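Quick notes on the structure that follows.
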Amino acid sequence: MAFASSVTRVDFVNIQQHGALLHANRHRFPNFSSLNLRKLERKIRAGSQITNARRVVEPEVDINDPEWKKHFQEDFDKRFNLPHLKNILDIKPRLTTFSLKSRRPIDEDNGAKNEDWNGYVDDDDRALLKVIKFASPTSAGAEYIDPDCSWVEQWVHRAGPRKQIYFEPREVKAAIVTCGGLCPGLNDVIRQIVLTLEIYGVKNIVGIPYGYHGFTDPLLSEVPLSCQAVQNINLAGGSFLGVSRGSPTTSDIVDSIQAKGIDMLFVLGGDGTHAGALAIHNECCKRKLKVSVVGVPKTIDNDVLLMDKTFGFDTAVEEAQRAINSAYIEARSAYHGIGVVKLMGRSSGFIAMHASLSSGQIDICLIPEVPFKLEGPNGVLKHLEYLIKTKGNAVICVAEGAGQEYLTKSNAKDASGNVVLSDIGVHIQHQIKRYFKGAGIPSDVKYIDPTYMIRACRANASDAILCTVLGQNAVHGAFAGFSGITTGICNTHFVYFPITEVIASTRRVDSNSRMWHRCLTSTGQPDFD
């Protein structure tokens, strides 16, 4: 047998427990890449009381099978094949109403007739998921399948408009919902989804207010959306539709979808929200409803698996520069000044790493993926003392999820089921003051937490472009008949993924990656072990 099983399904909690254990002991498994181990981790976001959502474990490879590569590719193709409405319904396509040549919906019964316009994407188009061929498992950032680092092509579906669509635009009712916390770019995505729907010819577009709760709360009504209504919403931060965490049951949501007559649902949110979208998709399939559920991944933490980046991340890194620069000025202007900046990143330290790299002002960067000691000859505090004696000042950047083992664990959870983290920034500030006081060295410590300032601002130019393309491709995917998918950027190409794959685990900083090595080179910090 090439695989122990093609698809193994397990509960969220079991995966979360065992995944964390495997990640902590990943170096004991030389025949598995860090990616394969991370894919066994499951992150439970769901305060989502959404039911029936399960995550998929990547099968193990039997490299003793002479045809293992063939079996691996067959299994990969099966897992990454996009769910389609025609798999559960007897539906026929029609020619698309989308053509930039007309600049308006095509009214002809047969749809687009511009045969000379090559603006459509073929269903057979693919983009490579992995573009680096490793020569050795010891190479920095190696994500290999077998000990010989065999090259296995992994192709994913390219996003974009198709020549054939599976909905009659004039009959479509489309809905948009934003869930979870705020993120720069939400309004940009909402706006672009509405504009693209109207280009197809959709007239009935609504927003579901305040996340999944808007489906069932009798006090909340649909928000009518149109080109005029959303024209300038991208000029402000936040969400035009509002956000919330948690949700009603899947059954109640789908009951509401049926009652409202929704044909397309666009869900903007992180991995917990996508788990909810997957559950909604599965329930719609079970009821044989012609409803396309398409996700747009949203998280400033940049921790969604398989994607180059998610919208809001670039803006978060840019806005973090203000806090870091303020901490640097405070530290430089004081006698033995020390600035501490805490940035978002519950389980992934991408914001802290990239902000540290881009600022050039950080001396110590602490992230959840890399354990560190505060005390001892190789600890953070001892290195900080060295910096004060040699430089006269220092700046520390710490991700909110780093060093939680030093803090009293809280049993409290937010509405999404996330454990409420203790404040590592405040803890480090107190420990620095204690340490330097005990050493008889004067210090002036300033602590800055810009969390809500960062996530509430409007998207910068880079994120605005990303949001624009993601919004357009979400609509293209829905009209193409796909459901249970999400859209993102992979190796600079925009693609579609089955939701099952992007929620398989949390994307994390690889401590052996070249990017983390670059950060260490920039800060000059040693290993704090």
What distance in nm lies between label points placed 7 Å from Cα along the C-beta direction at Asn87 and Gln258? 2.2
Accessible surface, the range 388-529, averaged per residue in Å² (probe 1.4 Å): 41
Computed curve, the range 421-529, Cα-only Debye sum without solvent term, log₁₀ I(q)/I(0) at 0.13, 0.14 Å⁻¹, is -0.87, -0.95
Taking the Cα-to-Cβ direction at Arg94 and at Ala140 and moving 7 Å from each Cα, how far apart do the two end points lie in nm? 5.5
At a Cα cut-off below 27 Å, give the lysines reachable from Lys101, other chains included and same-chain residues fewer than 8 away excluded. Lys92, Lys113, Lys163, Lys173, Lys203
Between Thr216 and Asn491, what length comes free when the chain is fully extended (0.36 nm per residue of separation minus the Cα-Cα distance, one decimal in nm)? 95.1 nm
So what does log10 I(q)/I(0) come out to for the range 167-304 at q = 0.11, 0.12, 0.14, 0.21 Å⁻¹, using the Debye formula with one equal point on every Cα and no solvent? -0.35, -0.42, -0.58, -1.36
Could you name the aspartates and glutamates in cross-link range of Lys290, using Cα to Cα under 13 Å and dropping any fewer than eight places away on the same chain? Asp90, Glu168, Glu171, Asp263
Prolate/oblate/rounded label for the range 379-473 (Cα gyration tensor, a/c 1.5): oblate
Descending accessible area (1.4 Å probe), largest on the left, turns Ile465, Ile424 into Ile465, Ile424
Share of the range 413-474's accessible area from carbon and sulfur, percent, 1.4 Å? 59
Over the residues of the range 273-390, compute the C-alpha Rg and express it relative to 2.2 N^0.38 Å. 1.51
How much accessible surface does Lys86 have with a 1.4 Å probe, in Å² rounded to 10? 110
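The values are calculated or read from the model by the stated rules, or taken from the named source; none is laboratory data. Just so it is clear, the structure is predicted and the values come from calculations on it, not from any experiment. Ideal geometry is used to build each Cβ from the backbone, glycine not excepted, and the neighbour counts take in all protein chains shown. When the accessible area is computed, the model is the full protein with side chains, heavy atoms only, and any ligands, DNA or RNA have been set aside. Shrake-Rupley method; radii C 1.70, N 1.55, O 1.52, S 1.80 Å.
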